[in-house]
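Undergrad: Got a structure here, written out as structure tokens. Questions coming.
The values are calculated or read from the model by the stated rules, or taken from the named source; none is laboratory data. As the structure is a computational prediction, the values presented were derived from the model and not from experiment. Cβ: placed from backbone, ideal geometry, glycine included. Neighbour counts: every protein chain shown. The area values use the complete protein model at the heavy-atom level, side chains included, leaving out ligands, DNA and RNA. Shrake-Rupley method; radii C 1.70, N 1.55, O 1.52, S 1.80 Å.
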Amino acid sequence: MDISEILQKYPPTRDHLLLILHEIQRVNPGNNITHADIRQVARYLNTTTASVYGVVRYYSMFSLNPRGKYIIRFCKSPLCMMVGAFNLLNFLEKELSIKLGETTSDMLFTLEPSECLGQCDKAPVMMVNETIYYNLDETRVRNIISHLREKEYKKQQS
Ligand code: FES
């Protein structure tokens with residue numbers, strides 16, 4: 001689906017901006033919003049590129065930089081940190097061979113910090129794209145990453 005098709009699904013009013021940006025980001029291979037997208041959205045909504053940039057930069061879920069297919073949002077809020085998230089984050093960084101804020105060289109994973117994901121009673125917690133994983137420990141984190149890697153490997157083989 002290209003950007004024009006996405007835009008045509010929405011009336012050209014600013015109150016649809018967030019939905020439009022979400023959808024564009026979801027279909028872009030780099031899991032981001034490009035400068036060309038911003039110009040096209042601004043034209044469609046009859047607004048300035050600066051105002052669209054403002055929204056993209058305000059919300060941490062949007063990115064101008066290309067990111068991995070799987071965005072891992074790791075909760076760094078106090079409650080998760082109190083029950084082992086700090087060590088778990090180190091483990092995850094080693095598992096992926098990247099630091100927080102980086103993307104793996106195969107463009108599969110981007111590791112981002114997150115505020116509370118609303119599942120504090122099941123801490124530590126992380127979200128991978130739309131899925132929340134909780135009660136995390138090293139085994140569970142390793143299994144999640146392996147499962148996603150395998151899934152992508154099988155897709156490439158088919
Ligand atoms: S503090 Fe991590 S989910 Fe709430």
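Undergrad: Along the Cα→Cβ direction, 7 angstrom out, place labels at Met107 and Asn143. What is the inter-label distance in nm?
TA: With each label point 7 Å from Cα toward Cβ, the separation is 3.1 nm.
Undergrad: I've got another one for you. Can you give me the angle between helix 49-58 and the longest principal axis of the chain, using Cα atoms only, in degrees from 0 to 90, rounded to the nearest 10?
TA: Here the helix axis deviates by roughly 20 degrees.
Undergrad: Determine the shape class of the range 47-113: with a ≥ b ≥ c the square roots of the Cα gyration tensor eigenvalues, call it rounded for a/c under 1.5, and otherwise prolate if a/b is greater than b/c, oblate otherwise.
TA: Because a/c hits 1.5 or more and a/b fails to exceed b/c, the range 47-113 counts as oblate.
Undergrad: Ok, one more. Leaving out ligands and nucleic acids, note down the accessible area per residue over the range 57-158 with a 1.4 angstrom probe, in whole Å².
TA: Numbers: 6080 Å² over 102 residues.
With the other protein chains kept in place, the range 57-158 gives 60 Å² per residue.
Undergrad: Hey, another quick one. Shape verdict for the range 70-157, please, from the Cα gyration tensor: rounded (a/c under 1.5), prolate (a/b greater than b/c) or oblate.
TA: On the way: a/c = 1.91, a/b = 1.68, b/c = 1.13.
Cα axes put the range 70-157 in the prolate bin.
Undergrad: Cα gyration tensor of the chain, axes a ≥ b ≥ c as square roots of the eigenvalues: rounded (a/c below 1.5), prolate (a/b > b/c) or oblate? Walk me through the numbers on the way to the answer.
TA: Details: a/c = 2.47, a/b = 1.70, b/c = 1.46.
Because a/c hits 1.5 or more and a/b exceeds b/c, the chain counts as prolate.
Undergrad: Hey, another quick one. If you count the DSSP beta bridges with both ends in the chain, what percent of them are antiparallel, to the nearest 5? Before the final figure, lay out the partial values.
TA: Details: 7 of 13 bridges.
The antiparallel fraction comes to roughly 55 percent.
Undergrad: Across the chain, where is the longest run that never hits GluC sites (Glu not before Pro) in a DSSP loop with at most 11 other C-beta atoms within 10 Å?
TA: Working: sites that count: Glu115, Glu130.
Longest gap between qualifying sites, sites excluded: 1-114.
Undergrad: Continuing with the same structure: Once the whole set of protein chains is in place, how much accessible area is left on Thr139, using a 1.4 Å probe, in Å² to the nearest 10?
TA: Approximately 90 Å² of Thr139 is accessible to the 1.4 Å probe.
Undergrad: Put Met61, Met82 in order of accessible area, largest first, 1.4 Å probe: what do you get? Display every interim value, and only then the final one.
TA: Numbers: Met61 55, Met82 150 Å².
These residues rank, largest area first, as Met82, Met61.
Undergrad: Separation of the range 76-124 and the range 7-32 by C-alpha centroid, Å?
TA: Distance between centres, Cα-based: 27 Å.
Undergrad: Further question on the same structure: Check Cys116: other-chain or 5+ apart residues with amide H under 5 Å from its amide H, H built from backbone geometry?
TA: Ser77
Undergrad: Could you pull out the pairs from Lys99/Lys151; Lys9/Lys122; Lys76/Lys155 whose alpha carbons sit more than 29 Å apart here?
TA: Working: Lys99/Lys151 23 Å; Lys9/Lys122 38 Å; Lys76/Lys155 32 Å.
Table pairs above 29 Å Cα-Cα are Lys9/Lys122; Lys76/Lys155.
Undergrad: Give the carbon-plus-sulfur fraction of the accessible surface of the range 1-75 in %, rounded to a whole number; probe 1.4 Å, heavy atoms of protein chains only. Working shown, then result.
TA: Numbers: 2140 of 3980 Å².
C and S atoms contribute 54 percent here.
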